[in-house]
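To start, I am sharing the structure in question, which I have written as structure tokens.
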Amino acid sequence: MKLTTEESVLNYIKKRIRSAGNIVAILGIEMLVEGGGYDLDSNDETYRVESDYGFSPEEMLSASFFNSKAEKFYRFYKKEILGMNVSGTPAYDALLRLQAQGRLSAVINQNYHGLPANVYFNNVIELNGNIRDNICPRCNRRYGVDYVINADTIPRCEQCNIAIRPNIRLLGERVNTGLMTNAVAACANADVILTLGKNMYSDQLDNNFPESRQLRVLFSKEAFMSESKAHYVIRDEIKAILPLIIE
Ligand SMILES: [Zn+2]
């Protein structure tokens, strides 16, 4: 595949990464999509889901929908969210190289699908939680994802007999402030921030520190809001370009 990024830009970013001791990666939607997942916010997917379920993904992934229509929520969630198979890409391998060199200080993930199997980062901040973790809202007992998959309809707490819920951030719920504080601090201290795909937290993560010698690179095929804060915007596939700039 032909790359669209100019070679001089690539070389400059490569040089900055080579000399950086503290790099933070923010994983957005393209990391999921390039690994075989799909973007439920895209027009096509929204249309498909609406015609299959009668509601949009946004409606069904909300706290109010979960609370009032748990059975419909789980019908959608099990098939569309838990049924999404996400595998690793060369972009993850490149980040693992940085980690092995001791230069990847944090990975901030907005995707609640978590990381592909065989990818392990020492410091992951999952701002939207993780589908592998499920919890009873009454007694806080934890359940694995298999418990949810194996339930006929609504997975219920064995003790309380009420619907357990995935420990992910549903729409209408606040982001965990402790996690956000950690994410902001990690970004503030970074020499280089690699924003890998569209994500909902760019504004919060980028706003809070003064101009510094930090380099911010955004990788996204589509234009999205907070591009102005990036020094460079890369339109190529992340899995194609990241291995070229991380040695
Ligand atoms: Zn319980």
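Just so it is clear, none of the values below were taken in a lab; they were calculated from the coordinates. Predicted model, so just to flag it, every value in this text is computed and none were measured. Don't worry about glycine lacking a Cβ; one is built from the backbone with ideal geometry, like all the others, and counts go over all protein chains shown.
Taking the number of other C-beta atoms within 10 Å as the exposure measure, put His113, His231 in order starting with the fewest.
Going from sparsest to densest Cβ surroundings: His231, His113.
With the radius of gyration and the Kirkwood radius both derived from the Cα set of the range 45-114, what is their ratio Rg to Rh?
On the way: Rg = 17.0 Å, Rh = 14.6 Å.
With Rh from the inverse mean 1/r over Cα pairs, Rg/Rh is 1.16.
Give the cysteines in the chain for which no other Cys Cβ lies under 4.7 Å away, or write none if there are none.
Within the chain, the cysteines lacking a partner Cβ under 4.7 Å are Cys139, Cys187.
Limiting things to C-alpha atoms, what are the Rg and the maximum Cα-Cα separation (Dmax) for the range 153-193, in angstroms?
Over the range 153-193's Cα set, Rg and Dmax evaluate to 16.8, 49 Å.
Considering every pair of different Cα atoms, what Kirkwood radius, in Å, is found for the range 102-247?
One over the average 1/r among Cα pairs gives 17.4 Å for the range 102-247.
Which one of Cys139, Met200, Tyr112 has its Cα pushed farthest toward the positive end of the charge dipole of the chain, where Lys and Arg give +1 and Asp and Glu give -1 at the Cβ?
Positive-end residue among those listed: Cys139.
Evaluate the chain: find the radius of gyration of its Cα atoms, find its Kirkwood radius, and give the ratio Rg to Rh. Intermediate values should be presented prior to the final figure.
Numbers: Rg = 19.0 Å, Rh = 19.2 Å.
Result for the chain is an Rg/Rh of 0.99.
Compute the long axis of helix 90-100 from its Cα atoms, compare it with the longest principal axis of the Cα atoms of the chain, and write down the angle in degrees, 0 to 90, nearest 10.
Once rounded, the angle reads 70 degrees.
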